Amino acid sequence: RTKLRVEHDTKYMDTSALVGRSGDKAEYYQRLTTEQLYARLKTMYFNLLSKNIGTRAELVGLERRLRTRNDTYQALTLEKRAKTIELDGVWKDFRRNDLL
C-alpha cells in the first residue's frame, strides 16, 4: 500500500531545472515523469562535466605554455643583461684604444 502511494506521488515531477531557472522565483515549470527527468538531468550533468574537464585541460595546457614562455623570457633577459655588460666593456676598450 505504501509502495503504491510512493509510486503514485513520485510518478510526475514539476520542475524548473530544465528551463534554466531555479529557486522560488521560477516562472516556468515542466511536468515530466521521474524517468524522463532523470534521463535529461543525467545528460545535462554529463555534458556539464565534459565541458568542465575540457576547459580545465585547456587551462592546464595554457598554463604550461605560459610558464615555458616566462622561463624563456627570463633566460633571455638575463642573457641580454650579461651581453649589455660585456658590450659596455668592449666599448670602453674600443674608446681607450681609439684615444691612444
Item to check | Which listed residue, of Glu63, Glu35, is more than 30 Å from His8 (Cα to Cα) and part of a helix (DSSP H, G or I) | outcome: Glu63
Checklist entry - Given the residues Thr55, Thr68, which is the only one that is more than 10 Å from the chain's Cα centre (by Cα), assigned to a helix (DSSP H, G or I) and more than 30 Å from Asp9 (Cβ to Cβ)? => result Thr68
Next on the checklist: So, Ala17, is that one open to solvent by less than 70 Å² (accessible area, probe 1.4 Å) and at pLDDT 95 or above or not?
Outcome noted: no
Checklist entry - Looking at (1) more than 30 Å from Ser16 (Cα to Cα); (2) open to solvent by less than 90 Å² (accessible area, probe 1.4 Å), can you tell me which one Asn97 breaks? => result (2)
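The values are calculated or read from the model by the stated rules, or taken from the named source; none is laboratory data. Here the structure is a predicted model, which means the values were calculated and not measured. Here the Cβ is made from the backbone with ideal geometry for all residues, glycine too, and neighbour counts use every protein chain on show. Note: accessible area is taken over every heavy atom of the protein model, side chains too, but ligands, DNA and RNA are not part of it. Shrake-Rupley method; radii C 1.70, N 1.55, O 1.52, S 1.80 Å.
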